[in-house]
1. Please say if the chain is rounded, prolate or oblate, where rounded means a/c under 1.5 for a ≥ b ≥ c the square roots of the C-alpha gyration tensor eigenvalues, and otherwise the choice is prolate for a/b larger than b/c and oblate otherwise?
2. Dipole of the range 11-167 (Lys/Arg Cβ +1, Asp/Glu Cβ -1, origin at the Cα centre): which of F127, V16, I66 lies farthest to the positive side?
3. Using a basic spin-label model with each label point 7 Å from the Cα along Cα→Cβ, how many nm lie between Y116 and A74?
4. Quick check: residue separation of E57 and E38 times 0.36 nm, minus the Cα distance between them. What number comes out in nm?
5. Which ³J(HN,Hα) values in Hz, rounded to whole numbers, follow from the phi angles of the range 133-147 under the Karplus curve 6.51 cos²θ - 1.76 cosθ + 1.60, where θ = phi - 60° and Gly and Pro get x?
6. Which lysines does K46 reach when only Cα atoms under 25 Å apart count, and residues fewer than 8 places away in its own chain are ignored?
7. When M118, M29 are ordered from fewest to most other Cβ atoms inside 10 Å of their Cβ, what list results?
8. Would you grab the residues whose amide H sits under 5 Å from the one on A40? Only those 5+ places off in sequence or on another chain, please, with H modelled 1.01 Å from N.
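Values in this text are rule-based calculations from the coordinates and carry no lab data. In this text, all values refer to a predicted model and were calculated from it rather than measured experimentally. Positions of Cβ are generated from backbone atoms using ideal geometry, with glycine treated the same way; all protein chains shown enter the neighbour counts.
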Amino acid sequence: MKLIIEKLPDLRALYVKQVRLLLSAEEQMVRGLPRMIELATDLQVKEAFQSHLQETETQVKRVRGILNQIAGEAEPLKCNVVDALFAEAEDMAEDSSHDGVRDAALIASMQRMEHYEMAAYGGVRHFAEVLGRDGDAEALDQTLHEESHADHLLRGIAYRVNPSAKRAA
C-alpha cells in the first residue's frame with residue numbers, strides 16, 4: 001500500500017520517476033552482485049558477475065548524471081523489482097545442493113535482472129527521445145546495449161553450465 005501518492009501529470013514527471021527507479025536498480029545491483037560473486041562456484045560465472053559489477057558502477061554514474069540534469073539532487077526511488085529478484089536469487093542459490101545447480105540458478109537469476117533492466121531502459125530511452133533529451137537517450141541506449149551484452153554473455157555461459165546441473169540429478 002502506498003503511503004504517499006505521487007501524481008504524474010505529464011511524460012516528464014513519469015520520466016523523472018522512472019530514472020529515479022533506474023538509479024535505485026543500478027545501486028542495488030552494485031550492492032547485490034558481490035553476494036552473487038561469492039555464491040558462484042564456476043570461475044567464468046564469477047568473472048562475468050565481476051565484470052558486470054564494474055560496468056554497473058559506471059552505469060550508476062551515468063544514470064545519476066541524467067537524474068541530476070533533470071531533477072537536481074533527487075534521490076533514487078526504491079526499485080522493488082530488483083530487490084525481490086536478488087532475494088529470489090539468493091534463496092535459489094542457497095537451496096541448491098550441487099555447485100552446477102547453484103551456478104545455473106545464479107545465471108538464470110541474473111538473466112531475469114538483465115531482462116528487467118533491458119525493458120526498463122528501453123522504455124525510459126523512448127521517453128527521453130519523445131521529450132527531446134537526445135543526450136539522455138544516447139546514454140540510456142548505451143546502458144541498454146551493455147545490459148543486452150551481459151545477457152548474451154550469460155546465455156553463452158549457461159550453455160556450458162546447465163548440462164552440469166542436469167547431471168547433478
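1. Here the chain falls in the prolate category.
2. F127
3. The modelled label-to-label distance comes out at 2.0 nm.
4. Result for the pair: 5.0 nm of gain on full extension.
5. Per residue, the Karplus-derived 3J(HN,Hα) values read 9, 4, x, 4, 4, 5, 5, 5, 5, 4, 5, 4, 5, 5, 5 Hz.
6. In chain and number order, the partners are K61, K166.
7. Listing M118, M29 from fewest to most nearby Cβ atoms yields M118, M29.
8. Close amide H contacts, sequence-distant or interchain: none at all.
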